[in-house]
Amino acid sequence: GAGVSQSPSNKVTEKGKDVELRCDPISGHTALYWYRQSLGQGLEFLIYFQGNSAPDKSGLPSDRFSAERTGGSVSTLTIQRTQQEDSAVYLCASSLDDLSDEKLFFGSGTQLSVL
Amino acid sequence: GNSVTQMEGPVTLSEEAFLTINCTYTATGYPSLFWYVQYPGEGLQLLLKATKADDKGSNKGFEATYRKETTSFHLEKGSVQVSDSAVYFCALSSPDTGRRALTFGSGTRLQVQP
(Lines give C-alpha, C1' and ligand atoms only; values in the text may rest on other atoms or scores of the structure.)
Protein backbone atom coordinates (compact mmCIF):
# COMPACT_ATOMS: atom_id res chain seq x y z
CA GLY A 1 0.00 0.00 0.00
CA ALA A 2 0.91 3.64 -0.23
CA GLY A 3 1.09 4.30 3.50
CA VAL A 4 1.68 2.65 6.86
CA SER A 5 -1.17 0.27 7.62
CA GLN A 6 -2.20 -0.76 11.12
CA SER A 7 -4.74 -3.33 12.22
CA PRO A 8 -7.08 -3.55 13.89
CA SER A 9 -8.13 0.10 14.02
CA ASN A 10 -9.98 -0.57 17.27
CA LYS A 11 -9.56 -3.32 19.84
CA VAL A 12 -11.61 -3.84 22.98
CA THR A 13 -10.36 -6.50 25.35
CA GLU A 14 -10.84 -7.67 28.90
CA LYS A 15 -8.25 -7.15 31.58
CA GLY A 16 -5.82 -10.06 31.68
CA LYS A 17 -6.18 -11.03 28.02
CA ASP A 18 -3.34 -10.90 25.50
CA VAL A 19 -3.56 -8.69 22.39
CA GLU A 20 -1.60 -8.45 19.16
CA LEU A 21 -1.36 -5.29 17.11
CA ARG A 22 -0.07 -5.35 13.56
CA CYS A 23 1.85 -2.84 11.47
CA ASP A 24 2.62 -2.95 7.75
CA PRO A 25 5.27 -0.32 6.99
CA ILE A 26 5.83 1.41 3.69
CA SER A 27 7.64 -0.88 1.28
CA GLY A 28 11.38 -0.24 1.32
CA HIS A 29 11.44 1.49 4.70
CA THR A 30 14.10 -0.11 6.85
CA ALA A 31 13.18 1.60 10.12
CA LEU A 32 10.00 0.88 12.08
CA TYR A 33 8.83 2.50 15.31
CA TRP A 34 6.07 1.86 17.82
CA TYR A 35 4.71 4.69 19.94
CA ARG A 36 1.87 4.91 22.45
CA GLN A 37 -0.42 7.94 22.77
CA SER A 38 -2.42 8.05 25.96
CA LEU A 39 -5.28 10.46 26.50
CA GLY A 40 -3.88 13.94 27.10
CA GLN A 41 -0.31 12.70 26.81
CA GLY A 42 2.34 13.02 24.16
CA LEU A 43 3.71 10.17 22.12
CA GLU A 44 5.63 7.70 24.24
CA PHE A 45 8.37 5.80 22.43
CA LEU A 46 8.12 2.03 22.82
CA ILE A 47 10.48 0.22 20.43
CA TYR A 48 12.51 0.82 17.26
CA PHE A 49 13.64 -1.64 14.59
CA GLN A 50 16.30 -0.82 12.00
CA GLY A 51 17.21 -3.39 9.36
CA ASN A 52 18.84 -6.46 10.86
CA SER A 53 20.19 -4.65 13.92
CA ALA A 54 19.06 -5.51 17.42
CA PRO A 55 15.93 -3.49 18.22
CA ASP A 56 15.99 -0.58 20.66
CA LYS A 57 13.56 -1.79 23.32
CA SER A 58 14.36 0.94 25.83
CA GLY A 59 10.84 2.37 25.76
CA LEU A 60 8.88 -0.77 26.55
CA PRO A 61 7.10 -0.07 29.87
CA SER A 62 7.16 -3.62 31.23
CA ASP A 63 8.00 -7.20 30.32
CA ARG A 64 4.35 -7.69 29.33
CA PHE A 65 5.17 -5.78 26.15
CA SER A 66 7.11 -7.33 23.29
CA ALA A 67 7.44 -6.78 19.57
CA GLU A 68 8.90 -8.54 16.61
CA ARG A 69 9.51 -7.70 13.01
CA THR A 70 9.53 -10.59 10.59
CA GLY A 71 11.48 -10.47 7.36
CA GLY A 72 12.32 -6.83 7.86
CA SER A 73 8.75 -5.82 7.05
CA VAL A 74 5.60 -6.50 9.08
CA SER A 75 5.76 -5.92 12.83
CA THR A 76 3.57 -7.23 15.64
CA LEU A 77 3.32 -5.60 19.06
CA THR A 78 2.10 -8.03 21.73
CA ILE A 79 0.75 -7.03 25.12
CA GLN A 80 0.29 -9.89 27.55
CA ARG A 81 -2.08 -9.88 30.51
CA THR A 82 -3.45 -6.46 29.57
CA GLN A 83 -4.16 -3.90 32.27
CA GLN A 84 -6.49 -0.90 32.18
CA GLU A 85 -3.52 1.47 32.07
CA ASP A 86 -2.56 -0.10 28.73
CA SER A 87 -5.57 1.63 27.14
CA ALA A 88 -4.19 4.05 24.55
CA VAL A 89 -3.70 4.59 20.83
CA TYR A 90 -0.75 2.55 19.58
CA LEU A 91 0.95 4.20 16.64
CA CYS A 92 3.36 2.66 14.19
CA ALA A 93 5.70 4.64 11.95
CA SER A 94 8.30 3.80 9.34
CA SER A 95 11.11 5.67 7.67
CA LEU A 96 14.01 5.25 5.30
CA ASP A 97 16.26 5.68 8.34
CA ASP A 98 18.52 7.96 6.38
CA LEU A 99 20.36 10.49 8.53
CA SER A 100 19.85 13.06 5.80
CA ASP A 101 16.08 12.62 5.88
CA GLU A 102 14.56 11.63 9.21
CA LYS A 103 10.94 11.86 8.10
CA LEU A 104 8.60 9.43 9.82
CA PHE A 105 5.40 8.22 8.18
CA PHE A 106 2.72 7.28 10.68
CA GLY A 107 -0.20 4.91 10.48
CA SER A 108 -3.62 5.86 11.80
CA GLY A 109 -3.11 3.81 14.94
CA THR A 110 -4.90 1.10 16.90
CA GLN A 111 -7.21 2.32 19.65
CA LEU A 112 -6.88 -0.22 22.47
CA SER A 113 -9.46 -0.25 25.24
CA VAL A 114 -8.95 -2.57 28.20
CA LEU A 115 -12.11 -3.08 30.24
CA GLY B 1 17.69 12.39 28.82
CA ASN B 2 15.91 14.10 25.97
CA SER B 3 12.65 15.94 26.55
CA VAL B 4 10.32 18.33 24.75
CA THR B 5 7.97 20.80 26.43
CA GLN B 6 5.09 22.43 24.58
CA MET B 7 2.53 24.99 25.62
CA GLU B 8 -0.70 23.45 26.76
CA GLY B 9 -3.78 23.80 24.64
CA PRO B 10 -6.26 24.15 23.35
CA VAL B 11 -5.29 27.30 21.53
CA THR B 12 -8.38 28.96 20.07
CA LEU B 13 -7.96 31.64 17.41
CA SER B 14 -10.08 33.44 14.89
CA GLU B 15 -9.35 33.01 11.20
CA GLU B 16 -6.44 35.20 9.97
CA ALA B 17 -5.00 35.58 13.48
CA PHE B 18 -1.29 35.17 14.20
CA LEU B 19 -0.26 31.84 15.70
CA THR B 20 2.60 30.98 18.03
CA ILE B 21 2.99 27.58 19.67
CA ASN B 22 5.94 27.46 22.03
CA CYS B 23 8.34 24.53 22.17
CA THR B 24 11.49 24.14 24.23
CA TYR B 25 13.74 21.13 24.47
CA THR B 26 16.45 19.40 26.48
CA ALA B 27 18.85 17.17 24.62
CA THR B 28 22.39 15.90 24.54
CA GLY B 29 24.47 16.53 21.46
CA TYR B 30 23.06 18.35 18.47
CA PRO B 31 19.46 17.30 17.89
CA SER B 32 17.32 17.76 14.84
CA LEU B 33 13.98 19.43 15.55
CA PHE B 34 10.59 18.74 14.01
CA TRP B 35 6.97 19.80 14.01
CA TYR B 36 4.41 17.11 13.22
CA VAL B 37 0.71 17.77 12.69
CA GLN B 38 -2.26 15.46 13.26
CA TYR B 39 -5.42 16.54 11.45
CA PRO B 40 -8.74 15.12 12.72
CA GLY B 41 -9.07 11.45 11.82
CA GLU B 42 -5.62 11.26 10.23
CA GLY B 43 -2.16 10.03 11.20
CA LEU B 44 0.67 12.31 12.18
CA GLN B 45 2.58 13.87 9.33
CA LEU B 46 5.73 15.91 9.17
CA LEU B 47 5.08 19.65 8.89
CA LEU B 48 8.63 21.04 8.97
CA LYS B 49 12.07 20.41 10.36
CA ALA B 50 15.44 22.03 11.10
CA THR B 51 18.67 20.15 11.53
CA LYS B 52 21.09 22.73 12.92
CA ALA B 53 21.19 25.94 14.89
CA ASP B 54 19.66 29.03 13.20
CA ASP B 55 18.03 26.90 10.50
CA LYS B 56 14.45 27.87 9.68
CA GLY B 57 12.00 25.18 8.67
CA SER B 58 8.95 26.24 6.70
CA ASN B 59 5.94 24.65 5.05
CA LYS B 60 2.34 25.65 4.26
CA GLY B 61 2.90 29.13 5.71
CA PHE B 62 4.24 27.74 9.01
CA GLU B 63 7.76 28.58 10.18
CA ALA B 64 10.02 27.59 13.07
CA THR B 65 13.60 28.64 13.79
CA TYR B 66 16.08 26.42 15.62
CA ARG B 67 17.37 28.58 18.53
CA LYS B 68 20.20 26.80 20.31
CA GLU B 69 20.81 29.65 22.76
CA THR B 70 17.25 29.41 24.09
CA THR B 71 16.77 25.70 23.24
CA SER B 72 13.55 26.57 21.47
CA PHE B 73 11.73 25.79 18.24
CA HIS B 74 8.54 27.84 18.35
CA LEU B 75 5.98 27.32 15.58
CA GLU B 76 4.50 30.43 13.94
CA LYS B 77 2.04 31.29 11.21
CA GLY B 78 1.05 34.77 10.18
CA SER B 79 -2.57 34.08 9.26
CA VAL B 80 -4.30 30.87 10.32
CA GLN B 81 -7.17 29.23 8.49
CA VAL B 82 -9.95 26.96 9.72
CA SER B 83 -8.21 24.11 7.89
CA ASP B 84 -5.20 24.52 10.22
CA SER B 85 -7.25 23.15 13.11
CA ALA B 86 -5.27 20.12 14.29
CA VAL B 87 -2.94 18.89 17.02
CA TYR B 88 0.67 20.02 16.64
CA PHE B 89 3.58 18.03 18.09
CA CYS B 90 7.11 19.29 18.59
CA ALA B 91 9.80 16.58 18.45
CA LEU B 92 13.54 16.03 18.43
CA SER B 93 15.98 13.34 17.46
CA SER B 94 19.56 12.86 18.59
CA PRO B 95 21.14 10.38 16.22
CA ASP B 96 24.62 11.16 17.55
CA THR B 97 23.62 9.68 20.90
CA GLY B 98 22.66 6.42 19.26
CA ARG B 99 18.96 6.97 19.91
CA ARG B 100 17.23 7.23 16.57
CA ALA B 101 13.64 7.39 17.74
CA LEU B 102 12.00 10.79 18.01
CA THR B 103 11.11 12.28 21.39
CA PHE B 104 7.75 14.07 21.21
CA GLY B 105 6.08 16.77 23.24
CA SER B 106 2.55 16.33 24.57
CA GLY B 107 0.93 18.10 21.63
CA THR B 108 -0.99 21.37 21.36
CA ARG B 109 -4.51 21.43 19.97
CA LEU B 110 -5.29 24.40 17.71
CA GLN B 111 -8.87 25.38 17.03
CA VAL B 112 -9.46 28.05 14.41
CA GLN B 113 -12.91 29.62 14.30
CA PRO B 114 -14.36 31.25 11.17
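The values are calculated or read from the model by the stated rules, or taken from the named source; none is laboratory data. For clarity, every value in this text was computed on a predicted model and none was experimentally measured. Using ideal geometry, Cβ is built from the backbone for each residue, glycine included, and neighbour counts are taken over all protein chains shown. Side chains included, ligands, DNA and RNA excluded: accessible areas come from the protein's heavy atoms. Shrake-Rupley method; radii C 1.70, N 1.55, O 1.52, S 1.80 Å.
Numbers for the structure displayed
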| item | result |
| --- | --- |
| Failed criterion for A:Ile79 (all others in (1) at pLDDT 95 or above; (2) under 26 Å from B:Tyr39 (Cβ atoms) hold) | (2) |
| Verdict on A:Leu32 being open to solvent by less than 30 Å² (accessible area, probe 1.4 Å), facing chain B (nearest Cβ under 10 Å) and either within 30 Å of B:Lys52 (Cα to Cα) or polar (S, T, N, Q) (or both) | no |
| Among (1) within 14 Å of another protein chain (Cβ to nearest Cβ); (2) closer than 23 Å to B:Asn2 by Cβ; (3) in contact (Cβ under 8 Å) with a residue 40 or more places away in the chain - the single one B:Lys49 does not satisfy | (3) |
| Residue check for B:Glu69: more than 14 Å from chain A (Cβ to nearest Cβ), in contact with a Leu (Cβ under 8 Å, 6 or more places away or on another chain) and over 29 Å from A:Tyr90 (Cβ atoms) | no |
| Filter result (at pLDDT below 95, hydroxyl-bearing (Ser, Thr, Tyr) and more than 20 Å from A:Val4 (Cβ to Cβ)) within segment A:82-100 | A:Ser100 |
| Selection count where residues are more than 10 Å from the chain's Cα centre (by Cα), within 12 Å of B:Ala91 (Cα to Cα), of a type in the set (Ser, Thr, Tyr) and within 12 Å of chain A (Cβ to nearest Cβ), scope segment B:23-46 | 1 |
| Residue among A:Ile47, A:Ile26 that is at pLDDT 90 or above, within 14 Å of another protein chain (Cβ to nearest Cβ), surrounded by 16 or more Cβ atoms within 10 Å (Cβ to Cβ) and in a loop (DSSP other than H, G, I, E, B) | A:Ile26 |
